[in-house]
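The values are calculated or read from the model by the stated rules, or taken from the named source; none is laboratory data. Remember, it's a predicted structure, so these values are computed and weren't measured experimentally. Here the Cβ positions follow ideal geometry from the backbone for every residue, glycine too, while neighbour counts run over all protein chains shown.
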Amino acid sequence: MGDSLKRANIRRHSSKKWGGTRIDSKGDESCSEIIGMTGDIPKEYYLSNMQRVDLEGYPSVKIVNGKNLVITRSVKEPKSVLKWKFHSEGGDIAFGIRKREPQGGAKEGVG
């Protein structure tokens, strides 16, 4: 899906209050009929109350804003499943996967 089509799709499905074009059947720009706005978040869902993930044995890297980390893996078995875990101590994470053909050309994957 092209970027302009994705943006148009997001605008069409997002409420008018949040920058989209959607309004519910009652004329509410927040689309409260569709998007359930709740009250307070229960304290048991607070991150400070959740069990921390054990990161022992996992590599740790610090990636500064605007930089990236490239990890190369070889997949020898057809239909292999790639799995990974990542954790952020603040900030957003963006990632991508590229398939490199044997001839050396890269093909864009998911991300």
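Just a few scattered comments:
- Candidates Ile97, Ile93: the one that is more than 30 Å from Ile23 (Cβ to Cβ) and at pLDDT 80 or above is Ile97.
- Scanning region 57-101 for residues that are charged (D, E, K, R) and in a loop (DSSP other than H, G, I, E, B) yields Lys62, Lys67, Arg73, Lys76, Glu77, Lys79, Lys83, Lys85, Glu89, Asp92, Glu101.
- Whenever a residue of region 89-109 is of a type outside the set (Val, Ile, Thr) and exposed (fewer than 10 other Cβ atoms within 10 Å of the Cβ), its partners that are at pLDDT 75 or above and assigned to a loop (DSSP other than H, G, I, E, B), lying with C-beta atoms within less than 7 angstrom and at least six residues away or across chains, give the pairs Lys107/Glu101.
- Within the option set Glu44, Glu56, being loosely packed, with under 10 Cβ neighbours inside 10 Å, modelled with pLDDT of 80 or more and either hydrophobic (A, V, I, L, M, F, W, C) or on the phi < 0 side of the Ramachandran plot (or both) holds for one residue only, Glu56.
- Boolean, Thr38 is loosely packed, with under 10 Cβ neighbours inside 10 Å and modelled with pLDDT of 80 or more: no
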